[in-house]
Structure formats: structure tokens, C-alpha cells
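The values are calculated or read from the model by the stated rules, or taken from the named source; none is laboratory data. As the structure is a prediction and not an experimental result, all values here were calculated from the model. Because the Cβ atoms are built from the backbone with ideal geometry, glycine has one as well, and the counts that use them run over all protein chains shown.
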Amino acid sequence: MSRSLKFVYAILSLAVASCGVADDKTSGELTVAEILTSEDFETGHFSYGELATAEQIAGWDIDIRPDGLGLPPGGATAEDGEMLYEEKCASCHGSFGEGVGRYPVLAGGEGSLTEARPEKTVGSFWPYASTLWDYIHRAMPFTEPESLSDTEVYAITAYVLYLNDLVEYDFELTQDNLAEIEMPNKDGFFLDDRPDVVAVRCMENCKEPGSVEITSEPQIDEAEPVVEVDVAAEIAAPGKEIYERACALCHASGVGEAPIPGDAKAWAERIAGGRDMLINSAISGKGIMPPKGGQLQLSDEEVISAVDFIISLSAD
Amino acid sequence: MADRLRGDKRMGEETINTKNLLETISREGEKLPRSERRDFLKQGLLLAGGALAGATVANTARADGSGIPPSVPNWSKSLGPGVLTNPYGRPSKYEDHIVRRNVPWLTADRIASISFTPLAELSGIITPSSLVFERYHAGIPQIDPSEHRLMIHGMVDRPIILTVDDLKRFPSTSMIRFLECPANGGMEWRGAQMDALQFTHGMLSCCEWTGVMLSTLLQEVGLKKDAAWVLAEGADGAHMSRSIPMEKAMDDALIVYAQNGEPLRPEQGYPIRLINPGWEGNTCVKWLRRLEVGDEAWYHREETSKYTDLLADGRARKFSYVQECNSVVTFPCPEKPLTEKGRYEVQGLAWSGKGKIKHVDVSFDGGVNWRPAKLKGLVLPKALTRFGLEWDWDGSPALIQSRAVDETGYVQPTYTQLRDARGSSSIYHKNAIHTWRLYDSGKVTNVQIT
């Protein structure tokens, strides 16, 4: 196979290019002619690295396909997922999938795709349920990716589908039936058919000179307060950068009821508990706050500097 | 004053103390009409933030004109620091305002977010590694290269695991190619919104990339019959993943470990990333840890929920990989206004994911008449191409535009044409002709026109 590989794809690319579907040939480092004449070699010609064992592959092979390929054995109901969702997901996505702040909305938005402000949710937009399982497993919860068990992923997936009225509360989502879940917008996508716009290179008198009008300019909201910069605080804040990297994710917006620095009332009791207690919570985690804000590469000293920064802003 | 605040070359001529700067901004702002004042204050505050980091060093430099002819400057009459003062080098302290910036309201946090390249401050076609725009879905993983592995498996004869050193033993290839987020300019679909080139077009960079052709690696592992797609996956917390068609994988896709001659920056995927020349930046998966060969696409989150283009009729275009032909004038622009009447070289950048730039035309009257610009320096496929045009400014207001044509004959469209075809909810792939409004004062703002 390997010897003819480049030939096959060169011909394939040529065919594609001649149809005008993806006229990409002129732009690569190699032209079709160069591919055809470039040196071909056998599989394993270099033999660098090691052969991957089944066990090694299993540890990293996490992808799931719409046909269910890659799903592990198991299953769970939306009911199983309710408390988990509330604990692991609701602080950003809202208890009903409505989204907190700028974090993604997960449910609702049916029929909104043609509106001026479409709401693209799992229910209104996503074509496959497999994508939900795959993404929750690979990337969620945001601060602790790949921390959920397979059963927990089934449970949360089922619950998000339930929030979108796609399954019943007691429906058990399993390895065998996930691919059969029919998503409302599964036929809503089509393959790239650009260029979809054909413009002309006109050079003179391309439109009526008097017809040119400005239709929009950036709007500066007069009601918006001018940002007050506290220069003293900015300069004397060694932990600020760490705070922004590790803590601001939740603490700047108050996501998950995280107290916002500068809110003296919210911090009064916590600060009264002592700096050591705050440091301990920041390093070890507390409630839904993961250890070191999920950024385990930070040293204890760096986390402490961020705690001191927060205290400096929040002490009454 | 305004020029200096915008980062003009005279930035270092006065003590840059942030507190003083803020006071000066506020004082100067009082003299302006109300409508312009707020704009001015905002730009000043932005710069003050940027100047903060360099405030201490800048404080020591006081320019008093004693170095201008006929006087001889002090640096010509003394010794400077020796070798290894900065072992890895750094820009002049007078250029501290040239930094990436972000738009805080765009994203919920700075972990899954984006920053913008300061295009107005750059010359030629290469983006310095330090200024390449950033896009993360789970922050920058802190990878120890000795423990990083690339696994290639799936429908292959010989699944393998490579170290970074293994990769570097393969025959290497270098190419200069642009990198652009498909959301570049996405904030402008519903009308002009951002008042700086950095924010209207700054999800764009161009580097020399060095690595191994993906086709070489796929030949090395041997493809099974029906192999048609490659899944690329990152080692970051988001395990960023995209399905790449085999045609592209066997064409010009490159697994890179270096940019602009140095090891990849952590922000750009250290120790290795995928580069799909001319395609959406997100397909160029960073911190690459795995390539799986399969017979169908995976339809993961970043190719269904995101990075699909919603049209007015409610349908969405999928696998819209190519970044179509685009261009923008980089001088003048809001960050680089004109200072006086006279002769200028208007400059800009053009690029196409389908090949080389063939022509760029510039209009000063909002697209009524166009003049061909000169393509300058290297004109490479799927790379930024710089253009320039000599222009005598008589002090009149103008509507300045550029329009690029690539070697396939594709002509960059207008906003009206794009919206007629797609509506205004696509978010991605906005490559419309851009308009700068030049005032008689020399000030430049972002506008959209009929």
C-alpha cells in the first residue's frame, strides 16, 4: 500500500482540483507533479520511535464517533446525572442549562437558528449526541478535564439531553443506544461549497459616487463609566498575574458563588477566619473550587501571592 | 499628544510614568468634544495598561533633545551593556507598547480565550513569535518535552509512538505560511464595532514553520484500505480535536517543532503542533499528542457546535476549512493616523488560503475607483503578502479600502455580497472589504459603508 500511497492521493487531489471543488494544489509546498516524482518509501522505512501497544493506545484513545465507535461499556439515566450536573456543571452552565455569564448555554433555543440572535444549544444545533459524550469526557469539567468516570459521563450526557427534552428522566443512556438518539438539527449541516460569493474586479466608476454612505461605526456607550484604574493597587500586586491565571476564571464573575475580590462584605467572614485558612483552601481546594484553581503546576508560593492579592483588594 | 498615546515613535521622549500618563490623558481628554473624548480616554487607558510593565525602565530615560544634530547623543559618547546582557534578547524598551492585547468582554475568562496580534506595528510578512495571536481552549499546558509523545494509530499498518527527538530525525521541511482564526473579524458581521486594526484583523499571524510533512509520517505507518480521515488531538486540558481529510494530510500538512527558527513557543503548541496551511487556525492543533486514522469524520465539538457557519436560512456549512482571500490596509489605521498632508506609502496585508495573492487594489473613495497596489517582497502561497501604494494626501476626508484577488481568480467580496449570501450570524469566515474612515484631522476610524 505505502508505495502507491502518494500516487493515489496525488490522483485524488488532481481529480478534486479539476472539479474546482478544492483548488488547493497550486498552494502547497509540493505540486502534484512533485508528489508523483518525489521519493516514495516503504512502511517503517525510518523505524523511529516504538511500536504502540494496545494498552498504550487504550490509555489515550478517547474519541467517540457519531456511529458510537469508541464508546465504553456502561450507561446511566438522567436521574443519575441530576446531582452530578448540579455539582460539576451548573456553576457555569446554569441549573437548567441556561448558561451563567458568558459560559455556554446548553439547552433551549429551539427554532431560533433563523432569528437575528440564534441560540445554538445542544438541542437546537448539535447534530449528534456522540459529540456531547465525547466533549464532556475529553474536556469537562472545565477546571478538571478527564476527571469523570465513564458512568458519570453517561449520566451527565443523559441529563443534558433531558434538559433539552430529548430523553425522559428515567431513560438509561448506554453504549448501545447513544448513536440512535436523533438530534433535532441532524440534517441542518451541509458540506463546504464555497466560493459562495462571486465578486468582480472593477477598477473605475464601480458605483455612483453620491451613493456611498456610512452604515455603521463603533458605538461608544455614553452611559458606560470610564474605567477607573487604581494605579497603586496595580503596581503593588505581585499576585495579580497568578490571580488572573488561576482564580479570575470564577472569582472575577462570581461563577459558582465564588466571592468577587473587592466585595468586602462577601470576604469579611473569610478574611476573619485568617490568612492561613484562605491559603489552605486555595492550595487544597474547597467545595467546587479545585486545588490551586485547577492549575496544579503553580507553586504554593505563587498561590499564596494570589491569596494576598485578593486580601489586599477585599479587606475592609 | 494623541500620536504619542497611540504608540508613535516619539513614545520615549518623555518620562513615561503611568500615573503621569493617566493624568495627562485625562487632562488632554477634557479639551476634546464630548463624543471624541470617551474614545480618546479609552485608547489612552489601554495604552497606560500596556505601558505599566515598562514604566520602571522607561522612567530612567529622559529625552531632552540633547542627542539631535548638531548635538551628539550621550550613547555615542559612552559604552553600552556588553554581550549576554539579555541572553535570549528582547525588544528595545521604547517598543514596550507593541504587545498582544485582548478584548475582555469577548470571552468568559482568559483561559478559554483569544488575544490579538498588533498588526499596525509590524513590518514585512513575518510575525515575531512573541506577537503571534493566542487562542486557547484550556490555557497553555506546561509540557515537559521529555515526557511528550505523539501517538499515530487507527487504520494503519504500524501504530507508533514518537518522542520529540524521534520527530526531529525525520527529513525536515520549512514553509512560510499564515495562521488565522476563522473568527477573525467576526465581531464585525452585524456592523462596525472594534476601533483598532489589532481587534478588527489581529487574529492573524505569519511565521516560518519547520517540521515533518504529515505525508511522510503517514507513509511511515502505512495506511490501511479505506483510510480517509485523520483525527488530530492536543495534549491540553481541552484535548482540542479536529477531523482532517486525507487529501489535506497527504498534501501540505506539516507537524512542526519550530517557528521563525526557534523552538515553538508554549503559546503556539510547544513542543509540537499541526500546521494545515491556508486552513482555519483551530485545525492546526497545538500541543499535538495523537493522530488517529479512520474512515469517517468524528464530528467533535469544534467541528459541529463551533467552527461551522450558520446561514440566514438556519442551515450551517460544515468542514469550512479554507480561509478565503482577504486583505486590510495597515497604514493608515486607527492606531497609525496621518500626521500631516503630503506624500505617504499606504500599506497593507493580503492573504489567501488557496494560494498566492495575484492583485491588490486600493480605493480612497469608498470603492468607486480603485488603483492597483504594488506587491512587495516575497509573494508566497498561503502567506501574508505586503502591498503598498504611494499616495498624496491633500487633507480631505477619505474612505480607504483594499481588495485582494488570489491566483484562483477569486475577488475579495463586499459586506453586502457576503451578507446577501450568508446573513450575519455566521461568526466565522468574514473576509469582506474593510473600510477605514480618514478624517481631515488625520484621525482614522473603522466604518462600514453601502
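Yes/no matrix, rows are residues, columns are (1) more than 19 Å from A:Ser253 (Cα to Cα); (2) of a type in the set (A, V, I, L, M); (3) outside any helix (DSSP H, G or I):
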{"position": "A:Gly70", "(1), (2), (3)": "yes, no, yes"}
{"position": "A:Asp80", "(1), (2), (3)": "yes, no, no"}
{"position": "A:Gly97", "(1), (2), (3)": "no, no, yes"}
{"position": "A:Pro104", "(1), (2), (3)": "no, no, yes"}
{"position": "A:Ala107", "(1), (2), (3)": "yes, yes, yes"}
{"position": "A:Arg117", "(1), (2), (3)": "yes, no, yes"}
{"position": "A:Thr131", "(1), (2), (3)": "yes, no, no"}
{"position": "A:Tyr135", "(1), (2), (3)": "yes, no, no"}
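Of a type in the set (Asp, Glu), in contact with a Leu (Cβ under 6 Å, 6 or more places away or on another chain) and at pLDDT 95 or above, is that true of B:Glu340? When the stated conditions are applied, B:Glu340 does not pass them.
Residues are listed down the side, and each one gets a yes or a no for (1) over 18 Å from the mean Cα position of the chain (by Cα); (2) over 28 Å from B:Arg289 (Cα atoms); (3) hydroxyl-bearing (Ser, Thr, Tyr); (4) not assigned by TED's automatic domain parsing to the domain that holds B:His201:
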| residue | (1), (2), (3), (4) |
| --- | --- |
| B:Pro73 | yes, yes, no, yes |
| B:Pro81 | yes, yes, no, yes |
| B:Ala108 | yes, no, no, yes |
| B:Ile111 | yes, no, no, yes |
| B:His148 | yes, no, no, no |
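Residues that are part of a strand (DSSP E or B), hydroxyl-bearing (Ser, Thr, Tyr) and either closer than 27 Å to A:Ser216 by Cα or under 20 Å from the mean Cα position of the chain (by Cα) (or both): does the stretch B:407-414 have at least one? Spell out how you get there, then give the answer.
If we filter the stretch B:407-414 for residues that are part of a strand (DSSP E or B), which is where we start, we get B:411.
Filter again for hydroxyl-bearing (Ser, Thr, Tyr), leaving none.
The answer is no, given that none of the residues of the stretch B:407-414 is part of a strand (DSSP E or B), hydroxyl-bearing (Ser, Thr, Tyr) and either closer than 27 Å to A:Ser216 by Cα or under 20 Å from the mean Cα position of the chain (by Cα) (or both).
Within the stretch B:216-233, the set of residues being surrounded by fewer than 24 Cβ atoms within 10 Å (Cβ to Cβ), of a type in the set (Gly, Ala, Ser) and either at negative phi or assigned to a helix (DSSP H, G or I) (or both) comprises B:Ala227, B:Ala228.
Scanning the stretch B:411-423 for residues that are under 23 Å from B:Gly202 (Cβ atoms) and either buried (at least 20 other Cβ atoms within 10 Å of the Cβ) or in contact with a Leu (Cβ under 9 Å, 6 or more places away or on another chain) (or both) returns B:Gln412, B:Pro413, B:Thr414, B:Tyr415, B:Leu418, B:Arg422. Put simply, of A:Lys120, A:Lys207 the only residue that is surrounded by fewer than 18 Cβ atoms within 10 Å (Cβ to Cβ) and of a type in the set (Lys, Arg) is A:Lys207.
From A:Thr143, A:Thr157, A:Thr131, A:Thr174, grab the single residue that is in contact with a Leu (Cβ under 6 Å, 6 or more places away or on another chain) and touching a residue at least 60 places away in the same chain (Cβ under 8 Å).
Values: A:Thr143 fails: in contact with a Leu (Cβ under 6 Å, 6 or more places away or on another chain); A:Thr131 fails: in contact with a Leu (Cβ under 6 Å, 6 or more places away or on another chain); A:Thr174 fails: in contact with a Leu (Cβ under 6 Å, 6 or more places away or on another chain).
After applying the criteria, what remains is A:Thr157.
Residue-wise test of (1) surrounded by 20 or more Cβ atoms within 10 Å (Cβ to Cβ); (2) among the acidic types (Asp, Glu).
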{"site": "B:Lys93", "(1), (2)": "no, no"}
{"site": "B:Asp96", "(1), (2)": "yes, yes"}
{"site": "B:Arg101", "(1), (2)": "no, no"}
{"site": "B:Ile114", "(1), (2)": "yes, no"}
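Out of the stretch B:296-336, which residues are polar (S, T, N, Q) and either under 30 Å from B:Glu233 (Cα atoms) or within 14 Å of chain A (Cβ to nearest Cβ) (or both)? Spell out the reasoning first.
From the stretch B:296-336, those polar (S, T, N, Q) are B:304-305, B:308, B:320, B:323, B:326-327, B:330; that's our starting set.
Correct list: B:Thr304, B:Ser305, B:Thr308, B:Ser320, B:Gln323, B:Asn326, B:Ser327.
Counting only strands (runs of 3 or more DSSP E) wholly contained in the stretch A:145-243, the ones carrying 1 or more residues that are modelled with pLDDT of 95 or more and facing another protein chain (nearest Cβ under 10 Å) occupy A:189-191, A:214-216. Of the residues that sit in the stretch B:337-376 and are among the aliphatic types (A, V, I, L, M) and within 14 Å of chain A (Cβ to nearest Cβ), which one is farthest from the chain's Cα centre (by Cα)? The qualifying residue farthest from the chain's Cα centre (by Cα) is B:Val368. The set of residues from the stretch B:381-408 being within 13 Å of another protein chain (Cβ to nearest Cβ) and either modelled with pLDDT under 95 or surrounded by fewer than 20 Cβ atoms within 10 Å (Cβ to Cβ) (or both) comprises B:Pro397, B:Leu399, B:Glu407, B:Thr408.
Quick one: is A:Gly81 buried (at least 16 other Cβ atoms within 10 Å of the Cβ), on the phi > 0 side of the Ramachandran plot and assigned by TED's automatic domain parsing to the domain that holds A:Asp165?
No.
Considering (1) more than 11 Å from chain B (Cβ to nearest Cβ); (2) in contact with a strand residue (DSSP E or B) (Cβ under 9 Å, 6 or more places away or on another chain); (3) closer than 28 Å to A:Gly188 by Cβ, the lone condition that A:Gly74 does not fulfil carries the number (3).
Per-residue answers, yes or no, for (1) crowded, with 16+ Cβ neighbours inside 10 Å; (2) among the basic types (Lys, Arg); (3) farther than 25 Å from A:Tyr103 by Cα:
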| position | (1), (2), (3) |
| --- | --- |
| A:Ala252 | yes, no, no |
| A:Ala268 | no, no, yes |
| A:Leu296 | no, no, no |
| A:Ser305 | yes, no, yes |
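Select from the stretch B:349-374 the residues that are over 17 Å from B:Leu179 (Cα atoms), touching a residue at least 24 places away in the same chain (Cβ under 8 Å) and surrounded by fewer than 24 Cβ atoms within 10 Å (Cβ to Cβ) and list them in ascending order. Within the stretch B:349-374, B:Lys358, B:His359, B:Val362, B:Ser363, B:Phe364, B:Asp365, B:Gly366, B:Gly367, B:Trp370 qualify. With respect to B:Ile161, determine if the residue is closer than 27 Å to B:Leu217 by Cβ, free of Cβ contacts under 8 Å to residues at least 24 places away in the same chain and in contact with a Leu (Cβ under 8 Å, 6 or more places away or on another chain). Taking the combined requirement at face value, the residue satisfies it.
Check whether at least one residue in the stretch B:297-309 is within 25 Å of B:Pro145 (Cα to Cα) and in contact with a strand residue (DSSP E or B) (Cβ under 7 Å, 6 or more places away or on another chain), and report yes or no. Steps first, please.
First, pick out the residues of the stretch B:297-309 that are within 25 Å of B:Pro145 (Cα to Cα): none.
Checking the stretch B:297-309: not a single residue is within 25 Å of B:Pro145 (Cα to Cα) and in contact with a strand residue (DSSP E or B) (Cβ under 7 Å, 6 or more places away or on another chain).
Yes or no, residue by residue, for (1) in contact with an Asp or Glu (Cβ under 9 Å, 6 or more places away or on another chain); (2) of a type in the set (D, E, K, R):
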residue	(1), (2)
A:Ala252	yes, no
A:Ala258	no, no
A:Ile271	yes, no
A:Met289	no, no
A:Asp308	no, yes
A:Ala315	no, no
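The condition of being in contact with a strand residue (DSSP E or B) (Cβ under 6 Å, 6 or more places away or on another chain), away from chain A (no Cβ under 11 Å) and modelled with pLDDT of 95 or more holds for only one of B:Leu179, B:Leu150, B:Leu162, that being B:Leu179.
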